[in-house]
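Trainee: Here it is: the structure, laid out below.
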Amino acid sequence: MGVIIRSAKARDVAGLTVCIDLAYARYAKLGVKLPPVSEGVAEDIRDHHVWVADDAGQIIGGLILMISEGSSKLANVAVHPDHGGRGIGRLLIDSAIDASKAAGCHSITLVTHAAMPDNIHLYEHLGWRKTGAMDHKVFMSRPI
């Protein structure tokens, strides 16, 4: 069958939470101090735009997008470490860009961690540009 990108449902909370935790686990093992990256998934599904990458019923990726008053912020992107390099992150980000366009946003922003150079490189490859940095945070934006 293949990977399907779909809107997250309440039944996806546990699977998405596990996926997010596994996606960030390698950084935690390296000692990178991260906020609680999977906290509030149920509320995010209820209150924001959330997509999951579903592979035969297993959640292997997810994205949380916050849109408010013409502003769009990519709050979290996670891909299960066993499924990286398959373009799942890009598919999820494309969904966020499409939703941001539909909401009338002209750009989309995100904040990532300076200790995640692979993520920064991926975002730059997808058209994002660094707009600033503070402490361990890297701020990025992409026109839509």
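The values are calculated or read from the model by the stated rules, or taken from the named source; none is laboratory data. This structure is a prediction, so every number in the text was calculated from the model and none was measured. In this analysis, Cβ positions are derived from the backbone assuming ideal geometry, glycine residues included, and neighbour counts consider all displayed protein chains.
Trainee: For the range 34-51: of the residues being assigned to a loop (DSSP other than H, G, I, E, B) and among the small types (Gly, Ala, Ser), which is surrounded by the most Cβ atoms within 10 Å (Cβ to Cβ)?
Mentor: Of everything passing the filter in the range 34-51, Ser38 is surrounded by the most Cβ atoms within 10 Å (Cβ to Cβ).
Trainee: Just give me the residues in the range 108-137 being assigned to a loop (DSSP other than H, G, I, E, B) and of a type in the set (Lys, Arg), in sequence order.
Mentor: none
Trainee: Here is a further query. Scan (1) hydrophobic (A, V, I, L, M, F, W, C); (2) within 20 Å of Ile20 (Cβ to Cβ); (3) part of a loop (DSSP other than H, G, I, E, B) for the single condition Cys105 breaks and write down its number.
Mentor: Condition not satisfied by Cys105: (2).
Trainee: Count, please, the residues in the range 70-92 that happen to be part of a loop (DSSP other than H, G, I, E, B) and at pLDDT 95 or above.
Mentor: From the range 70-92, those part of a loop (DSSP other than H, G, I, E, B) are 70, 80, 84-87; that's our starting set.
From what is left, the residues that are at pLDDT 95 or above are 80.
So the count comes out to 1.
Trainee: Additional query: Can you name the condition, by its number, that Asp54 falls short on among (1) charged (D, E, K, R); (2) surrounded by fewer than 20 Cβ atoms within 10 Å (Cβ to Cβ); (3) outside any helix (DSSP H, G or I)?
Mentor: It fails just one condition, (2).
Yes or no, residue by residue, for (1) touching a helix residue (DSSP H, G or I) at 6+ places or on another chain (Cβ under 6 Å); (2) small (Gly, Ala, Ser):
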residue: Gly31; (1), (2): no, yes
residue: Gly62; (1), (2): yes, yes
residue: Leu65; (1), (2): yes, no
residue: Arg90; (1), (2): no, no
residue: Ser100; (1), (2): no, yes
residue: Thr112; (1), (2): yes, no
residue: Met116; (1), (2): no, no
residue: Thr131; (1), (2): no, no
residue: Met140; (1), (2): yes, no
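This table checks each residue for (1) in contact with a Gly (Cβ under 8 Å, 6 or more places away or on another chain); (2) of a type in the set (D, E, K, R); (3) under 19 Å from Ala114 (Cα atoms); (4) without any contact (Cβ under 8 Å) to a residue 40 or more places away in the chain.
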| site | (1), (2), (3), (4) |
| --- | --- |
| Arg26 | no, yes, yes, no |
| Val32 | no, no, yes, no |
| Pro36 | no, no, yes, yes |
| Ala42 | no, no, no, yes |
| Val52 | yes, no, no, no |
| Ile60 | no, no, no, no |
| Met66 | no, no, no, yes |
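Trainee: Separate question: Is at least one residue of the range 28-39 among the β-branched types (Val, Ile, Thr), under 26 Å from Lys137 (Cβ atoms) and at pLDDT 95 or above?
Mentor: The answer is no, given that none of the residues of the range 28-39 is among the β-branched types (Val, Ile, Thr), under 26 Å from Lys137 (Cβ atoms) and at pLDDT 95 or above.
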